[in-house]
1. In the list Val55, Val23, Val48, which residue meets the criterion of being more than 12 Å from Met125 (Cβ to Cβ), β-branched (Val, Ile, Thr) and assigned to a helix (DSSP H, G or I)?
2. Could you say whether any residue in the stretch 126-134 is farther than 14 Å from Ala50 by Cα, surrounded by 12 or more Cβ atoms within 10 Å (Cβ to Cβ) and either charged (D, E, K, R) or without any contact (Cβ under 8 Å) to a residue 24 or more places away in the chain (or both)?
3. Quick one: which residue in Leu102, Leu91 is more than 15 Å from Ile38 (Cα to Cα) and at pLDDT 95 or above?
4. Filter the stretch 78-94 down to residues that are among the charged types (D, E, K, R) and outside any loop (DSSP other than H, G, I, E, B) and give me whichever is surrounded by the fewest Cβ atoms within 10 Å (Cβ to Cβ).
5. Among the listed residues Ile69, Ile38, Ile100, Ile73, which satisfies the condition of being touching a strand residue (DSSP E or B) at 6+ places or on another chain (Cβ under 9 Å) and assigned to a strand (DSSP E or B)?
6. From Asp61, Asp97, grab the single residue that is buried (at least 16 other Cβ atoms within 10 Å of the Cβ), acidic (Asp, Glu) and touching a residue at least 40 places away in the same chain (Cβ under 8 Å).
7. Looking at this structure, is Met121 at positive phi and either of a type in the set (Asp, Glu) or in contact (Cβ under 8 Å) with a residue 12 or more places away in the chain (or both)?
8. Can you tell me which of Ser142, Ser167, Ser149 is within 14 Å of Asp59 (Cβ to Cβ) and of a type in the set (Gly, Ala, Ser)?
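The values are calculated or read from the model by the stated rules, or taken from the named source; none is laboratory data. A quick note: this is a predicted structure, and the numbers were derived from the prediction, not measured. A quick note on method: Cβ atoms are made from the backbone with ideal geometry, for glycine too, and the neighbour counts reach across all protein chains shown.
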Amino acid sequence: MEQKRVGIMTGKEFMNSVANGQVDILQQFLDLLNEMKIDYCVIGGLAVNAYAEPVISLDLDIVVVADAIEKLIKAAEKMFTVKKFPHSLNLESHLSDLRIQLQTDQRYQHFIGKATTKKVMGYEMKVALLEDVLRGKIWAYSDDQRRKSKRQKDLADIFRLVETYPSLKDILPDSIKRTGI
């Protein structure tokens, strides 16, 4: 006899519910990376969730080894619509509201080799080291070309990390320290 769970969702179920997922796009993408043996690491808000109290994000910000990007995009085009931007490739599916943002800025490449596997919202994924996640958030916040709302989210992520790991405050630029952190 099958038991029915009442009121309890797994992290994956919750993530898919929030993303209106008809299928588990995040797991499919992680499986694609693993099947293709492409090294990567998560660098955005979901990476912050690996180190601080989780906050929901419909963005998967990720960096993959540079020489595998074209091969990955070719395979991903079977499952996703790919949109190119100056420093990223965005992968979207009509089956989910999750947005996969593949970062192409070369500054992030050295994060990959130091990344470790962590469980985030029920998913096993490689996540950049804590200091690298913070560094990436500082770069994003400092980018005047980004929308103000995105920069505010980056600042909130910086605050979340520093509140959880106060020693990180020492590596913040003065411009961020002056915001009251």
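1. Testing whether each residue is more than 12 Å from Met125 (Cβ to Cβ), β-branched (Val, Ile, Thr) and assigned to a helix (DSSP H, G or I) leaves just Val48.
2. Within the stretch 126-134, none of the residues are farther than 14 Å from Ala50 by Cα, surrounded by 12 or more Cβ atoms within 10 Å (Cβ to Cβ) and either charged (D, E, K, R) or without any contact (Cβ under 8 Å) to a residue 24 or more places away in the chain (or both).
3. Within the list Leu102, Leu91, the selection yields Leu91.
4. Lys84
5. Ile100 is the lone residue from the list that is touching a strand residue (DSSP E or B) at 6+ places or on another chain (Cβ under 9 Å) and assigned to a strand (DSSP E or B).
6. Asp61
7. yes
8. Ser149
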